[in-house]
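Take a look at the structure set out below.
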Amino acid sequence: MKNDGSPLADFKIIKYHNGMYEKINDTLIEERIYDLFINDEFIEKIYCLPVNFKELIAGKLFSMNYSTDAIRNFKYDIKDSGIHVVIMPVFSPQTENGRYPDKATGFTGDGRSFKNMNEEIIKKMEEFSRRSELFARTGGVHSCLFFDYESEICFFEDVGRFNAIDRCIGYMAVNEIDSNPINVLFSGRLSVQVVEKLSRIPVSVMASFSAPTSGGVRAAVKKGIILMGFVRNERSNIYNLLE
């Protein structure tokens with residue numbers, strides 16, 4: 001059962017501008033709170049848009065180290081404020097030292113020089129930064145885009161930055177897409193948590209128009225991912241281009 005809702009909500013507000021107060025209708029991003037249950041066991045609270053639940057759940061299962069079969073065959077239902085996921089038969093999370101192994105590829109280029117790839121990412125980031133209609137209307141979402149050297153794979157957005165990433169990962173899992181390598185455009189900070197989450201898929205380059213953190217750069221160096229920040233206005237900062 002999808003039970004997807006609208007990602008927007010209308011509110012009456014008072015707007016102050018240049019010394020004047022005005023009553024207007026405003027459009028906000030719709031943030032909802034759900035309790036996630038897997039086989040009747042409470043897992044966590046999720047703060048998210050009420051859309052694309054299948055991809056979001058699949059991304060969460062991937063993060064929890066559930067098997068490919070479990071991710072591709074789960075069922076779910078939305079009841080009140082609960083997301084109830086059923087995995088039959090009951091698959092336990094599969095782990096290798098407690099998690100899936102890292103699959104980050106580092107820069108492969110697919111025949112491109114990094115200079116050419118950098119120029120391509122700058123161009124794509126310009127398009128990416130204007131793509132979200134939800135952000136244009138509300139300013140309230142993060143966005144994530146996966147693409148390989150041939151075409152775009154998927155684009156998702158959410159109120160939570162990790163949710164946007166989980167939706168992209170989940171989309172690849174449920175659609176059995178095995179692309180190698182993947183390049184990622186992201187709207188948020190490139191923190192160590194973001195880099196570690198994305199390193200579990202075959203990522204080559206990770207770019208954002210926002211800043212990285214020192215932990216994010218160190219994690220990217222360790223995992224062999226090229227990290228690009230402040231990708232905007234025909235420029236980019238490349239933090240760890242490995243020769």
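Couple of notes before you dig in:
- So Met206, is it buried (at least 18 other Cβ atoms within 10 Å of the Cβ) and either in contact with a helix residue (DSSP H, G or I) (Cβ under 7 Å, 6 or more places away or on another chain) or farther than 26 Å from Lys54 by Cα (or both): yes
- Among residues of the stretch 54-75, those that are surrounded by fewer than 20 Cβ atoms within 10 Å (Cβ to Cβ) and within 18 Å of the chain's Cα centre (by Cα), counted: 4
- Pair list, Cβ under 8 Å, 6 or more apart: the stretch 65-86 residue part of a loop (DSSP other than H, G, I, E, B), other residue small (Gly, Ala, Ser) and buried (at least 20 other Cβ atoms within 10 Å of the Cβ): Phe74/Ala58
So that you can scan it fast, the table gives a plain yes or no per residue for (1) open to solvent by 20 Å² or more (accessible area, probe 1.4 Å); (2) within 27 Å of Lys75 (Cα to Cα):
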| site | (1), (2) |
| --- | --- |
| Asp148 | yes, no |
| Val159 | yes, yes |
| Phe162 | yes, yes |
| Asp166 | no, yes |
| Asn180 | yes, no |
| Gly188 | no, no |
| Val192 | yes, no |
| Ile201 | no, yes |
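- Within the set Phe37, Phe62, Phe42, Phe53, the sole residue that is free of Cβ contacts under 8 Å to residues at least 12 places away in the same chain and under 20 Å from Phe162 (Cα atoms) turns out to be Phe42.
This table checks each residue for (1) in a helix (DSSP H, G or I); (2) closer than 20 Å to Ser63 by Cβ; (3) in contact (Cβ under 8 Å) with a residue 40 or more places away in the chain.
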| residue | (1), (2), (3) |
| --- | --- |
| Glu150 | no, no, no |
| Asp166 | yes, yes, yes |
| Glu176 | no, yes, yes |
| Ser179 | no, yes, no |
| Met206 | no, yes, no |
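- Here Lys15 meets each of (1) more than 22 Å from His142 (Cβ to Cβ); (2) touching a residue at least 12 places away in the same chain (Cβ under 8 Å) with one exception, condition (2).
- For Asn237, the criteria (1) outside any loop (DSSP other than H, G, I, E, B); (2) closer than 30 Å to Ile29 by Cα hold in every case but one, which is (2).
- Filtered residues of the stretch 104-146 (kept if surrounded by fewer than 15 Cβ atoms within 10 Å (Cβ to Cβ), modelled with pLDDT of 80 or more and not charged (D, E, K, R)): Asn116, Ala136, Gly139
- Residue identified as open to solvent by 10 Å² or more (accessible area, probe 1.4 Å), in a helix (DSSP H, G or I) and within 19 Å of Ser63 (Cα to Cα) among Lys222, Lys197: Lys197
Here's the yes/no breakdown for (1) within 22 Å of Ile153 (Cα to Cα); (2) of a type outside the set (Ser, Thr, Tyr):
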{"position": "Arg200", "(1), (2)": "yes, yes"}
{"position": "Thr213", "(1), (2)": "no, no"}
{"position": "Arg218", "(1), (2)": "no, yes"}
{"position": "Val221", "(1), (2)": "no, yes"}
{"position": "Ile226", "(1), (2)": "yes, yes"}
{"position": "Phe230", "(1), (2)": "no, yes"}
{"position": "Leu241", "(1), (2)": "no, yes"}
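The values are calculated or read from the model by the stated rules, or taken from the named source; none is laboratory data. Every value quoted in this text rests on a predicted model; they were computed, and no experiment measured them. So basically every Cβ, Gly included, is an ideal-geometry build from the backbone, and we count neighbours across all protein chains shown. Only protein heavy atoms, including side chains, enter the accessible area calculation; ligands, DNA and RNA are left aside. Shrake-Rupley method; radii C 1.70, N 1.55, O 1.52, S 1.80 Å.
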